[in-house]
Amino acid sequence: MKQSITLGKVTKFMGLGFLSTLKALFTGKLEKEDFIKFLRKIVVPLASILLFIGLWHLGAKTLYDREANFKIEKALEDQGPEAAEVMRACIASGDLSCQPNTLPAPAQVWESYKSLLRDHNIISADKAAFKEKTAALNAKRISEGRAPIVYTGRPSFIDQIVMSLKTVFAGFLLALVIAIPIGILIGLSPTLKSAFNWFIQIFKPVSPVVWYLLVFMIVKTVLIDSTEDSSFVISFISVGLCSMWATLVNTAMGVSSVDKDYINVAKVLKLGPFQKVFKVILPSSLPLIFTGLKITLSVAWMVLIAIELLAQSPGLGLFVWEEFQNGANDSNSKIIVAMFVIGIIGFLLDRLMLTIQNTVSFNKNEGL
Amino acid sequence: MSYLELNNIHKNYGQGDYETEVLSNINLSIEEGEFVAIVGFTGSGKTTLVNLINGLLEPTRGEVLFKGKPVFGTSHERGVIFQNYSLLPWLTVGQNVFMAVKEVFPKKSKKELNAIVEEYVEMVNLSHAINKRPKELSGGMRQRVAVARALAMKPEMIIMDEPLGALDALTRGNLQDEILNIWGKDKRTALLITNDVDEGLYMADRIIPLKPGPKATLGPEFKIDIERPRDKTELNDNPNFKKTRNAIIEYLMDIGNERKSEAQEAIVLPDVEPKAFVGRF
């Protein structure tokens, strides 16, 4: 018997159960219990978000005032009362040249977000125009066997997000391809486990920065003839190596701690070794493997920023670093925008993994 | 020569100072087509005994002979119904049974295998749930799946380790009848491990009590001379049933009391006082 798939089931499956409560609100099908649920799942989170923004605003204002007072004070000390007056007027007028540089307020961050989007539209238009202009030339170059001319202008914020996502997925795939097979082997064989254990214990706690340097040393030499930009390769390999440990350890643990009852079933049925691994051991360790993969993906996303920054790979990490170095008036608020974007994408990636996990695994987890 | 023979079986767990003898000097022989029940208290080593017979464990000393040959490892000839169902939770009812059938009859086509699966799932009245996962089933239904899985392998001997222990009385009665039916149909050999004397009396030809462990050993056997098929309601008036039942329960009570008094004797503490502390404070 096929069960019907409803919006409620799908959203609950993805750990987004509050959406169906929201739907009930708009369709007017709200029961009394639903109302309590509505309060808890929608009103309370919204209230806490507003509270957060309010506190942020107040905090930012306090910091702004402190910074402004310090500036005026300093002008007074260094250049006398006239300069202090000028400075006070300048700050009050909102002139960009003399604004205190501190934690930006929520409104400023929102402005920067919009300006980043505008910037993206400008760059996209620019790119399209460039493509149109070079289309004929490129066709000719390709027919002559030469490389086409590519757009080399600066990437927009959205381009950088896409770049970061590419890097993190490449790194995640690398981690998956290395960690799962090794994890299974280690879990199955105590001999291999003691062969690999020192390796895992020593390299697991190594910091992302050091992994980056190691990968840099190797990749630099391997790609010594290539004129290609190796920053992408270096960053995705580093991300993969940093993040694979959770999957490796979890897979090994899942495989080695299969319920004894299942092993007994495999023995009584006299399953061959191959069958035993694929029909009993792997399915029963899937929940743990997925827990590992979920941790791996979130670690990958977390270390990505630091690694892109070091590798100068044009993603969000580089964006944050460049804005920090740039020191322009809206740099701070752009960094905060990046912070939120990083957080939200991290959350969405986690939900994505949860959805995949619920699809393939028998052990259905409730979304957190 | 008996069908199944256990000769001077000893089974120890642990090593060195922690070594304990769980089973001691077990001798048992079962004839072909017989239904034997072993009754014992919880923790008396029943599951260990079952695992020695089905080949999941090896005895420390002594030997298990099946059809005259020593048992090494498991075999499809001896089907096992586990105490805790042991169904694979990621497979449906049908897939759980199919996996077992496929291992036993590797040469049969998929269609033939499916026919066997359907036959046995039908037999335990679970055709409507064939596509469900164990999690969606009640305890009784899960145990029926385990029964279907063990029987679909068409073993020559069925070994049951408290198969109905976790079920309610009604389901239990139904399943007892189902198991008896199947056993009677092609006269297989059956060994039932249980903690329920009445269950043993209703189902078996012989009941053998297992004295509680450590160092558990088999007690004297009780023959049950009651015509088959047996009727549960009429059993209560059967003088033979009453006599055997009383004898077994008396025996079990006796060994229970014996054990208790032994335990009491063992825990008499020496009458000492911490002299060094007297008057210090």
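Looking at the stretch B:176-196, which of its residues are aliphatic (A, V, I, L, M) and either at pLDDT 90 or above or surrounded by fewer than 20 Cβ atoms within 10 Å (Cβ to Cβ) (or both)? Walk me through how you get there before you give the answer.
Taking the stretch B:176-196 and keeping what is aliphatic (A, V, I, L, M), we get B:179-180, B:182, B:190-193.
Matches in the stretch B:176-196: B:Leu180, B:Ile182, B:Ala190, B:Leu191, B:Leu192, B:Ile193.
So B:Ile226 clears everything in (1) in a loop (DSSP other than H, G, I, E, B); (2) closer than 22 Å to B:Asn25 by Cα; (3) not polar (S, T, N, Q) except one condition, right? Which one?
Among (1) in a loop (DSSP other than H, G, I, E, B); (2) closer than 22 Å to B:Asn25 by Cα; (3) not polar (S, T, N, Q), the lone unmet condition for B:Ile226 is (2).
Report, ordered by the first and then the second residue, all pairs with beta carbons closer than 8 Å, sequence separation of six or more or different chains, a first member in the stretch B:11-36 that is farther than 30 Å from B:Asp225 by Cα, and a second member that is small (Gly, Ala, Ser).
Correct list of pairs: B:Lys11/B:Gly45; B:Thr20/B:Gly14; B:Val22/B:Gly45; B:Val22/B:Gly213; B:Val22/B:Ala216.
If B:Ile116 meets every condition in (1) assigned to a helix (DSSP H, G or I); (2) touching a residue at least 12 places away in the same chain (Cβ under 8 Å); (3) at the interface with chain A (Cβ under 10 Å from one of its Cβ atoms) apart from one, which number is that one?
Only one criterion in (1) assigned to a helix (DSSP H, G or I); (2) touching a residue at least 12 places away in the same chain (Cβ under 8 Å); (3) at the interface with chain A (Cβ under 10 Å from one of its Cβ atoms) is unmet by B:Ile116, namely (3).
For the stretch B:13-45, which positions are in contact with a Phe, Trp or Tyr (Cβ under 7 Å, 6 or more places away or on another chain) and part of a strand (DSSP E or B)?
Correct list: B:Thr20, B:Val22, B:Ile30, B:Phe35.
Please return the ranges of helices (runs of 4 or more DSSP H) entirely within the stretch A:170-274 where 1 or more residues are touching a residue at least 60 places away in the same chain (Cβ under 8 Å) and either crowded, with 22+ Cβ neighbours inside 10 Å or within 14 Å of another protein chain (Cβ to nearest Cβ) (or both).
On the way: elements: A:190-203, A:208-222, A:231-256, A:260-268.
In the stretch A:170-274, the matching helices (runs of 4 or more DSSP H) lie at A:208-222, A:231-256.
Output the residue which, of all residues in the stretch A:348-366 that are modelled with pLDDT of 85 or more and among the hydrophobic types (A, V, I, L, M, F, W, C), is surrounded by the fewest Cβ atoms within 10 Å (Cβ to Cβ).
Among those that are modelled with pLDDT of 85 or more and among the hydrophobic types (A, V, I, L, M, F, W, C), it is A:Leu348.
Condition first: among the basic types (Lys, Arg) and either touching a Cys at 6+ places or on another chain (Cβ under 7 Å) or not in a loop (DSSP other than H, G, I, E, B) (or both). Now tell me which residues in the stretch A:114-165 satisfy that.
The first filter runs over the stretch A:114-165 and keeps only residues among the basic types (Lys, Arg), leaving A:114, A:118, A:127, A:131, A:133, A:140-141, A:146, A:154.
The answer is A:Lys114, A:Arg118, A:Lys127, A:Lys131, A:Lys133, A:Lys140, A:Arg141.
If I ask for residues that are at the interface with chain A (Cβ under 8 Å from one of its Cβ atoms), in a loop (DSSP other than H, G, I, E, B), surrounded by 18 or more Cβ atoms within 10 Å (Cβ to Cβ) and polar (S, T, N, Q), which ones from the stretch B:46-83 would you list?
Within the stretch B:46-83, B:Thr74 is the sole residue that qualifies.
Where the second residue is not in a helix (DSSP H, G or I) and the first is over 17 Å from A:Ser238 (Cβ atoms) and lies in the stretch A:301-330, which pairs have Cβ atoms under 9 Å and are six or more apart or on separate chains?
Sorted first by the residue in the stretch A:301-330, then by its partner, the pairs are A:Phe319/A:Pro155; A:Glu323/A:Asp330; A:Gly327/A:Asn101; A:Asn329/A:Gln99; A:Asn329/A:Asn101; A:Asp330/A:Pro104.
Of the residues B:Arg188, B:Arg149, B:Arg172, B:Arg142, which is within 22 Å of the chain's Cα centre (by Cα) and over 29 Å from B:Glu31 (Cα atoms)? Spell out the reasoning first.
Working: B:Arg188 fails: over 29 Å from B:Glu31 (Cα atoms); B:Arg149 fails: over 29 Å from B:Glu31 (Cα atoms); B:Arg172 fails: over 29 Å from B:Glu31 (Cα atoms).
Answer to the check: B:Arg142.
How many of the residues in the stretch B:11-40 are surrounded by 12 or more Cβ atoms within 10 Å (Cβ to Cβ) and among the acidic types (Asp, Glu)?
4
Given the conditions (1) loosely packed, with under 13 Cβ neighbours inside 10 Å; (2) part of a helix (DSSP H, G or I); (3) modelled with pLDDT under 85, which single one is not true for A:Ala107?
Of everything listed in (1) loosely packed, with under 13 Cβ neighbours inside 10 Å; (2) part of a helix (DSSP H, G or I); (3) modelled with pLDDT under 85, A:Ala107 misses just condition (3).
Please enumerate the residues belonging to the stretch B:84-97 that are at the interface with chain A (Cβ under 10 Å from one of its Cβ atoms) and β-branched (Val, Ile, Thr).
Those that are at the interface with chain A (Cβ under 10 Å from one of its Cβ atoms) and β-branched (Val, Ile, Thr): none in the stretch B:84-97.
Take the stretch B:213-223 and flag every residue that is part of a loop (DSSP other than H, G, I, E, B) and surrounded by 12 or more Cβ atoms within 10 Å (Cβ to Cβ). Write out each step before concluding.
Looking only at the stretch B:213-223, we keep the residues that are part of a loop (DSSP other than H, G, I, E, B), and these are B:213-215, B:217, B:219-221.
Answer for the stretch B:213-223, where residues must be part of a loop (DSSP other than H, G, I, E, B) and surrounded by 12 or more Cβ atoms within 10 Å (Cβ to Cβ): B:Gly213, B:Pro214, B:Lys215, B:Thr217, B:Gly219, B:Glu221.
If you go through the stretch A:283-296 one residue at a time, how many are over 22 Å from B:Phe82 (Cα atoms) and at the interface with chain B (Cβ under 9 Å from one of its Cβ atoms)? Before you say what the answer is, go through the steps one by one.
Step one: of the stretch A:283-296, the residues over 22 Å from B:Phe82 (Cα atoms) are A:286-296.
Those still in the list that are at the interface with chain B (Cβ under 9 Å from one of its Cβ atoms) too: A:286.
The qualifying residues number 1.
Pick out the one residue from A:Val280, A:Val299 that is in a helix (DSSP H, G or I) and within 14 Å of another protein chain (Cβ to nearest Cβ). It would help to see each step written out before you state the result.
Numbers: A:Val299 fails: within 14 Å of another protein chain (Cβ to nearest Cβ).
Of A:Val280, A:Val299, the one residue that is in a helix (DSSP H, G or I) and within 14 Å of another protein chain (Cβ to nearest Cβ) is A:Val280.
Testing B:Ala100 on (1) within 16 Å of A:Ala266 (Cα to Cα); (2) among the hydrophobic types (A, V, I, L, M, F, W, C); (3) more than 11 Å from chain A (Cβ to nearest Cβ), one condition comes back false. Which one is that?
Failing condition for B:Ala100: (3).
The values are calculated or read from the model by the stated rules, or taken from the named source; none is laboratory data. All values reported here derive from a predicted model rather than from experimental measurement. Note that we place each Cβ from the backbone using ideal geometry, even for glycine, and neighbour counts take in every protein chain shown.
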